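The values are calculated or read from the model by the stated rules, or taken from the named source; none is laboratory data. As the structure is a computational prediction, the values presented were derived from the model and not from experiment. Here Cβ is always computed from backbone atoms with ideal geometry, including for glycine, and neighbour counts include all displayed protein chains. With ligands, DNA and RNA removed, areas are computed over all heavy atoms of the protein, side chains included. Shrake-Rupley method; radii C 1.70, N 1.55, O 1.52, S 1.80 Å.
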Amino acid sequence: MKKLKKGFLLIAFNNNEIDYIKMACCCALSIKSHLKYNHITLVTESTNWLKTILSSDEIDKIFDNIIIVNPPKQKNIRTHYDSPWTKFKAPFLNNKRSSAYELSPYEETILLDVDYLVMSDTLDLVWGCEDDFLINKDAISLRNEKFHEKEIRLSKDGIPMYWATLIYFKKSEMAKRIFELTTFIKENYLFYKHLYKFPGHLFRNDYVFSIAIHIVGGFINSGINSFPIPTIKTMDQKDDIVEIDNDSILFLSHEPKQPWINHLVRLKNIDVHIMNKRSFLRQYEQIIKLFLR
Amino acid sequence: MDEKLEKALEFSNYQKTLQIQKENLKLRLEHMLLAKIDNNVFNCNIELINFVHTSLCCDQTSVIILDVHGNPVKINQLRDCLDSFLAVYNSAYNEYFEKYEALKKARNIKKVIS
């Protein structure tokens, strides 16, 4: 295939609980609406579901390229929340991320989680930068508070945690090495879990990329820069979306220590990582209406 | 609930919302202050603008400045660079000022988040 210069890579595999394809449509539409460079490739297992929810014209408007791959074979069950009062479990098919380097048809790629909404033009600044690989390690809540220590370091006194939510890479020696390492770490996840002492049994790309960066950086965490805006604004799984319009989102954000207290928070022209998947999907029709129809 | 306590809690909620929105304005300002020149991204702060302006006044033909990642970048077109920085700075702070003034006048939560 002819190499394209620059574009976004989204990876989505559906399961019975969460419609990642719908989220990918919303994410792609937010990219198309806010960014000058907005060529988008979707990596998924089939276009059958897409064709049932959208017309062919609409699919062509949203995605410039669709790559069909086999779905990940993994048993990775994640607990999700929808408000502080509702929780549910769902499969989390996320281990294709380490193949992004091989799958990307672009010279320069921004690899984005599909639960990320682009509401500003900041990502346009990234293309053509000097770095071969960019990833953020800071995230703040809707209330501008830092996350729990376990989202900052892999373990107490451990290495810093990078967020695999948003990754920029060039086809380059450095990026290739990092992605090859992530594949190796993925295959030896249990070993690295004991070595780096990170908690839980869930397979997390954040951990895999953090370890790969630590190794590639000479075990001292150097040499990898953040995006120009180094902090990812993140909506917690227990927060909710009230309404969305073209350039802003109104959220209901709970106080973690007093979950019965909620604050209204409006983000205008700020990109945001939407962790509450059900809340995101409740806005699907509205996002389609706003950006597509 | 005692009426005074109820009003105090209402005010506390308003204050918290106001504070969050002020912080979000600052975050938006941070976004807007980024300027891209020849594939390098700079943070347009007063120090940088003054330095480029001073260099121009001293008839320097080029300067080395640091991008957002601390990489040194040689700038040859000082006038164009200064104009870009000023345009970005003014646009960002004008929007910040306008939104901040609107927030200052917002006396209830509905207005704060509008």
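Taking into account only those residues within region A:137-187 that are assigned to a strand (DSSP E or B) and within 14 Å of another protein chain (Cβ to nearest Cβ), which is surrounded by the fewest Cβ atoms within 10 Å (Cβ to Cβ)?
Residues of region A:137-187 that are assigned to a strand (DSSP E or B), as a first pass: A:138-141, A:146, A:153, A:160, A:163-170.
If we keep only those that are within 14 Å of another protein chain (Cβ to nearest Cβ) too, we end up with A:138-141, A:146, A:168, A:170.
Numbers: A:138: 16, A:139: 19, A:140: 15, A:141: 19, A:146: 12, A:168: 24, A:170: 21.
If we take residues in region A:137-187 being assigned to a strand (DSSP E or B) and within 14 Å of another protein chain (Cβ to nearest Cβ), then A:146 is surrounded by the fewest Cβ atoms within 10 Å (Cβ to Cβ).
Checking the structure you have, find out if any residue of region A:245-252 is within 20 Å of the chain's Cα centre (by Cα), among the aromatic types (Phe, Trp, Tyr), open to solvent by less than 40 Å² (accessible area, probe 1.4 Å) and within 14 Å of chain B (Cβ to nearest Cβ). Lay out the reasoning, then the answer.
Applying the first criterion (within 20 Å of the chain's Cα centre (by Cα)) to region A:245-252 yields A:247-249, A:251.
So of that shortlist, the ones also among the aromatic types (Phe, Trp, Tyr) come out as A:251.
Among the residues that remain, those that are also open to solvent by less than 40 Å² (accessible area, probe 1.4 Å) are: A:251.
If we keep only those that are within 14 Å of chain B (Cβ to nearest Cβ) too, we end up with A:251.
Looking through region A:245-252, at least one residue is within 20 Å of the chain's Cα centre (by Cα), among the aromatic types (Phe, Trp, Tyr), open to solvent by less than 40 Å² (accessible area, probe 1.4 Å) and within 14 Å of chain B (Cβ to nearest Cβ).
Residues that are within 24 Å of residue A:89 (Cβ to Cβ) and either within 17 Å of the chain's Cα centre (by Cα) or touching a residue at least 12 places away in the same chain (Cβ under 8 Å) (or both): list the helices (runs of 4 or more DSSP H) wholly contained in region A:1-77 that include at least 2 such residues. Break it down into steps so the answer makes sense when it comes.
Details: elements: A:20-34, A:48-53, A:56-62.
Output list reads A:20-34.
Would you confirm whether or not region A:227-250 contains a residue that is in a loop (DSSP other than H, G, I, E, B), hydrophobic (A, V, I, L, M, F, W, C) and in contact with a strand residue (DSSP E or B) (Cβ under 7 Å, 6 or more places away or on another chain)?
Keep residues of region A:227-250 that are in a loop (DSSP other than H, G, I, E, B), which gives A:227-230, A:236-239, A:245-247.
Restricting the remaining residues to those that are hydrophobic (A, V, I, L, M, F, W, C) gives A:227, A:229.
From what's left, in contact with a strand residue (DSSP E or B) (Cβ under 7 Å, 6 or more places away or on another chain): A:227.
Yes: one or more hits.
Looking at (1) over 23 Å from the mean Cα position of the chain (by Cα); (2) within 13 Å of chain A (Cβ to nearest Cβ), can you tell me which one residue B:60 breaks?
So the condition that residue B:60 fails would be (2).
Tell me, yes or no, whether region A:217-233 has at least one residue that is under 21 Å from residue A:88 (Cβ atoms) and surrounded by fewer than 17 Cβ atoms within 10 Å (Cβ to Cβ). Before you say what the answer is, go through the steps one by one.
Step one: filter region A:217-233 for residues under 21 Å from residue A:88 (Cβ atoms), giving none.
Among the residues of region A:217-233, not one is under 21 Å from residue A:88 (Cβ atoms) and surrounded by fewer than 17 Cβ atoms within 10 Å (Cβ to Cβ), which makes the answer no.
Read through the list (1) part of a strand (DSSP E or B); (2) more than 9 Å from chain B (Cβ to nearest Cβ), then give the number of the only condition that residue A:263 fails.
Going through (1) part of a strand (DSSP E or B); (2) more than 9 Å from chain B (Cβ to nearest Cβ) one by one, residue A:263 breaks only (2).
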